[in-house]
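The values are calculated or read from the model by the stated rules, or taken from the named source; none is laboratory data. It should be emphasised that the depicted structure is a prediction, and the values quoted were computed from it without experimental measurement. Please note: Cβ atoms are built from the backbone with ideal geometry, for glycine as well, and neighbour counts cover all protein chains shown.
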Amino acid sequence: MRRASAVVAVAALAVVGLAACGSSSSNSTTAASAPASTSSNAAGGGGAKGGTSTVNVSTPSGGSLAYDQKTLSAKSGSVTVDFNNQQPLQHDVAIADSSGKVLGQTDLVSSGTANTTVQLQPGTYTFYCTVPGHREAGMQGTLTVK
Ligand SMILES: [Cu+2]
């Protein structure tokens, strides 16, 4: 499961790129990238505190109220959630800690992308869509931070 540090470098570059362009929510990028199958974390990167990692969250192109991912994992530190909503229906991604407190969330987007960056310590978090009814319908999952 663990990959070489090249993955870490790529993830770091991606985060830098995202940070550089801020959170421009007005663009309507369609299918910016193929959905990564699970996540882009690397557990063996040498335990630098304050590391950066990116997790990819996407929705299936049908109409089902779900994310493609049920579980995500990331390194502790700065974690960027890269959300690609392929549906015309609006969705977002919120990150909440074990007490249910929302630590960050993306903008609502339809047929587009959004991202947010949160500072996370090791632990288990929940990600979900804040649109009423969507979480209950299944738009949620678990984010594990190591
Ligand atoms: Cu939703």
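General observations
- In the range 45-65, the residues that are in a loop (DSSP other than H, G, I, E, B), within 15 Å of the ligand (Cβ to nearest atom) and not hydrophobic (A, V, I, L, M, F, W, C): Thr59, Pro60, Ser61, Gly62, Gly63, Ser64
- Taken together, Asp68, Asp82 contain a single residue that is among the acidic types (Asp, Glu) and away from the ligand (no atom under 16 Å from the Cβ), which is Asp82.
- Residue, farthest from the ligand (Cβ to nearest atom), within the range 92-146, restricted to residues that are part of a loop (DSSP other than H, G, I, E, B), closer than 14 Å to Leu65 by Cβ and of a type in the set (S, T, N, Q): Ser110
- Within the range 104-132, the set of residues being closer than 11 Å to His91 by Cα, surrounded by fewer than 19 Cβ atoms within 10 Å (Cβ to Cβ) and in contact (Cβ under 8 Å) with a residue 12 or more places away in the chain comprises Asp107, Leu108, Ser110, Ser111, Thr130, Val131.
- Residue match in the range 83-97 (condition: touching a helix residue (DSSP H, G or I) at 6+ places or on another chain (Cβ under 6 Å) and crowded, with 18+ Cβ neighbours inside 10 Å): no
- Boolean, Ala66 is in contact with a Pro (Cβ under 8 Å, 6 or more places away or on another chain) and at pLDDT 95 or above: yes
- Among the criteria (1) farther than 20 Å from Arg135 by Cβ; (2) modelled with pLDDT of 50 or more, the one Thr30 does not fulfil is (2).
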